[in-house]
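> First the structure, then my questions, so here it is.
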């Protein structure tokens, strides 16, 4: 990261985003992280987290924040002592920014939110290992969904079965609120209220994700209780074909928009193009949605080490929707699916 200091003419960089602090320090409960160009980093933590930080954080100074003390004030005092002229930062709310700009009259604050984000885009070996484990746990959750789904089951009951299965096998928790959307509500990409009972003949979209060592995975399958009608089958096959076509394009050096286009063109050729209402996918890591984005207007070029979702969908209001999604590791000459679950519309 400090190589970026030269190009941006920085003396230091202040990290306020919690996920960025977790990425750089390995610790989830930091308050601020100050990264000097030439000196040791300092992680500021509230007293409630001080002993844990001392245990887990290596190669950084740990500065405690007493009860009632202001983390920004401590960071400002540190910046003044080091006489920084140019200080980058990832994110500050308006009041914190105005206060810092007033107090650091001899320093210039430079908003550089992508400085850490550009590092987080490409996962290293340890990160991939954690995501791979999260993907495995997520796949076990989907296996449980296939086992228990039946008419009469409430959406939230199915969700709880999935979440328990993932927790039991070692998940830290869920990467996002579990989505179980059935019947006409399967046409809502993010589901409905969760209290509907599943009926014979329903389309059921199940979108789940486990976390492992703070890293996320994302997996969606669509089941059809009792077997599909001709129209349901047509939509399902269109979405599955779209994902297969996108996977053929997915590799390092390819425009993210081209991968989206491969899936979108496939769905359009089947007559459902107007019902594919979101981008093909998103990056996955410490956050469930992070760069790069796979969408029709994306300007990003994929790199080996990106972890993304590939999730085409068709959503027809008043009828239902189908989404099929996997978490995928981009490689030099292709891509590897990290999530594993049957591509079937029935229970197993």
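> Of all the residues that make up the stretch 35-52, how many are within 21 Å of residue 67 (Cβ to Cβ) and either buried (at least 21 other Cβ atoms within 10 Å of the Cβ) or not assigned by TED's automatic domain parsing to the domain that holds residue 92 (or both)? Steps first, please.
The first filter runs over the stretch 35-52 and keeps only residues within 21 Å of residue 67 (Cβ to Cβ), leaving 42-52.
If we keep only those that are either buried (at least 21 other Cβ atoms within 10 Å of the Cβ) or not assigned by TED's automatic domain parsing to the domain that holds residue 92 (or both) as well, we get 43-45.
Result for the stretch 35-52: 3.
> Now for a separate question. Picking from 144, 133, which residue would you name as being out of contact with any strand residue (DSSP E or B) (no Cβ under 7 Å at 6 or more places or on another chain) and either part of a loop (DSSP other than H, G, I, E, B) or surrounded by 15 or more Cβ atoms within 10 Å (Cβ to Cβ) (or both)?
Details: 133 fails: out of contact with any strand residue (DSSP E or B) (no Cβ under 7 Å at 6 or more places or on another chain).
Step by step, each of 144, 133 is checked, and only 144 is out of contact with any strand residue (DSSP E or B) (no Cβ under 7 Å at 6 or more places or on another chain) and either part of a loop (DSSP other than H, G, I, E, B) or surrounded by 15 or more Cβ atoms within 10 Å (Cβ to Cβ) (or both).
> Inspect the stretch 129-141 for any residue being farther than 18 Å from residue 341 by Cα, within 15 Å of the chain's Cα centre (by Cα) and at pLDDT 95 or above and give the result as yes or no.
Taking the stretch 129-141 first, the residues farther than 18 Å from residue 341 by Cα are 129-130.
Within this subset, residues satisfying the condition of being within 15 Å of the chain's Cα centre (by Cα) are 130.
Applying the additional criterion that residues be at pLDDT 95 or above yields 130.
There is at least one residue in the stretch 129-141 that is farther than 18 Å from residue 341 by Cα, within 15 Å of the chain's Cα centre (by Cα) and at pLDDT 95 or above.
> Okay, next question. Just to be sure, is residue 35 within 31 Å of the chain's Cα centre (by Cα) and in contact (Cβ under 8 Å) with a residue 24 or more places away in the chain?
Answer is yes for this residue.
> A further question follows. Look through the stretch 164-177, keep the residues that are touching a strand residue (DSSP E or B) at 6+ places or on another chain (Cβ under 9 Å) and surrounded by fewer than 19 Cβ atoms within 10 Å (Cβ to Cβ), and return whichever of them is nearest to residue 199 (Cα to Cα). I'd like the intermediate steps shown before the answer.
Filtering the stretch 164-177 for residues touching a strand residue (DSSP E or B) at 6+ places or on another chain (Cβ under 9 Å) gives 166-167, 169-176.
Restricting the remaining residues to those that are surrounded by fewer than 19 Cβ atoms within 10 Å (Cβ to Cβ) gives 167, 169-170, 172-173, 176.
On the way: 167: 27, 169: 29, 170: 32, 172: 32, 173: 29, 176: 25 Å.
Per the criteria, the residue is 176.
> Mind listing whichever residues of the stretch 39-82 are in contact (Cβ under 8 Å) with a residue 24 or more places away in the chain and in a loop (DSSP other than H, G, I, E, B)?
39, 57, 58, 60 - these are the residues of the stretch 39-82 that are in contact (Cβ under 8 Å) with a residue 24 or more places away in the chain and in a loop (DSSP other than H, G, I, E, B).
> Here's another thing I want to ask about it. Quick one: how many residues across the stretch 221-232 are in contact with a strand residue (DSSP E or B) (Cβ under 7 Å, 6 or more places away or on another chain) and more than 17 Å from residue 147 (Cβ to Cβ)? Let's see the steps before the verdict.
Start the filter on the stretch 221-232 by keeping residues that are in contact with a strand residue (DSSP E or B) (Cβ under 7 Å, 6 or more places away or on another chain), which leaves 221-225, 232.
Now restrict to residues that are more than 17 Å from residue 147 (Cβ to Cβ): 232.
Looking only at that region, the number is 1.
> Among the candidates 91, 95, which residue alone is outside any strand (DSSP E or B) and either outside the structural domain of residue 21 (by TED's automatic domain parsing) or under 12 Å from residue 15 (Cα atoms) (or both)? First the steps, then the outcome.
On the way: 95 fails: either outside the structural domain of residue 21 (by TED's automatic domain parsing) or under 12 Å from residue 15 (Cα atoms) (or both).
Selected residue: 91, the only one of 91, 95 that is outside any strand (DSSP E or B) and either outside the structural domain of residue 21 (by TED's automatic domain parsing) or under 12 Å from residue 15 (Cα atoms) (or both).
> A further question on this structure: Being in the same structural domain as residue 89 (by TED's automatic domain parsing) and either in a helix (DSSP H, G or I) or modelled with pLDDT under 95 (or both) is the requirement here; does residue 105 meet it? Talk me through it step by step, then tell me what you get.
Values: in the same structural domain as residue 89 (by TED's automatic domain parsing): yes; either in a helix (DSSP H, G or I) or modelled with pLDDT under 95 (or both): yes.
Yes, satisfied.
> May I ask you to list the residues in the stretch 248-281 that are within 30 Å of residue 213 (Cβ to Cβ), out of contact with any helix residue (DSSP H, G or I) (no Cβ under 7 Å at 6 or more places or on another chain) and surrounded by fewer than 23 Cβ atoms within 10 Å (Cβ to Cβ)?
251, 252, 253, 254, 278
> Is it the case that residue 73 is under 26 Å from residue 3 (Cα atoms) and modelled with pLDDT under 95? Don't jump to the end; show me each part of the working.
Working: under 26 Å from residue 3 (Cα atoms): no; modelled with pLDDT under 95: yes.
Here the answer is no, as residue 73 does not meet what is asked.
> If you don't mind, another one. From the list 239, 180, 204, exactly one residue is in contact with a strand residue (DSSP E or B) (Cβ under 6 Å, 6 or more places away or on another chain), buried (at least 24 other Cβ atoms within 10 Å of the Cβ) and touching a residue at least 60 places away in the same chain (Cβ under 8 Å). Which is it?
On the way: 180 fails: touching a residue at least 60 places away in the same chain (Cβ under 8 Å); 204 fails: touching a residue at least 60 places away in the same chain (Cβ under 8 Å).
Matching residue, one of 239, 180, 204: 239.
> Checking residue 28 against (1) surrounded by fewer than 19 Cβ atoms within 10 Å (Cβ to Cβ); (2) touching a helix residue (DSSP H, G or I) at 6+ places or on another chain (Cβ under 6 Å); (3) assigned to a loop (DSSP other than H, G, I, E, B); (4) free of Cβ contacts under 8 Å to residues at least 40 places away in the same chain, which single condition isn't satisfied?
Looking at each condition in turn, residue 28 falls short on (4).
> Determine, yes or no, whether residue 111 is in the same structural domain as residue 15 (by TED's automatic domain parsing), buried (at least 18 other Cβ atoms within 10 Å of the Cβ) and under 19 Å from residue 8 (Cβ atoms).
On the way: in the same structural domain as residue 15 (by TED's automatic domain parsing): yes; buried (at least 18 other Cβ atoms within 10 Å of the Cβ): no; under 19 Å from residue 8 (Cβ atoms): yes.
The answer is no for residue 111.
> In addition: Only one residue in 190, 213 is surrounded by fewer than 18 Cβ atoms within 10 Å (Cβ to Cβ) and either within 23 Å of residue 129 (Cβ to Cβ) or outside the structural domain of residue 162 (by TED's automatic domain parsing) (or both). Which one? Even if it seems obvious, please write down each step before you answer.
On the way: 190 fails: either within 23 Å of residue 129 (Cβ to Cβ) or outside the structural domain of residue 162 (by TED's automatic domain parsing) (or both).
Within the list 190, 213, the selection yields 213.
The values are calculated or read from the model by the stated rules, or taken from the named source; none is laboratory data. These figures come from a predicted structure and were not determined experimentally. Note that we place each Cβ from the backbone using ideal geometry, even for glycine, and neighbour counts take in every protein chain shown.
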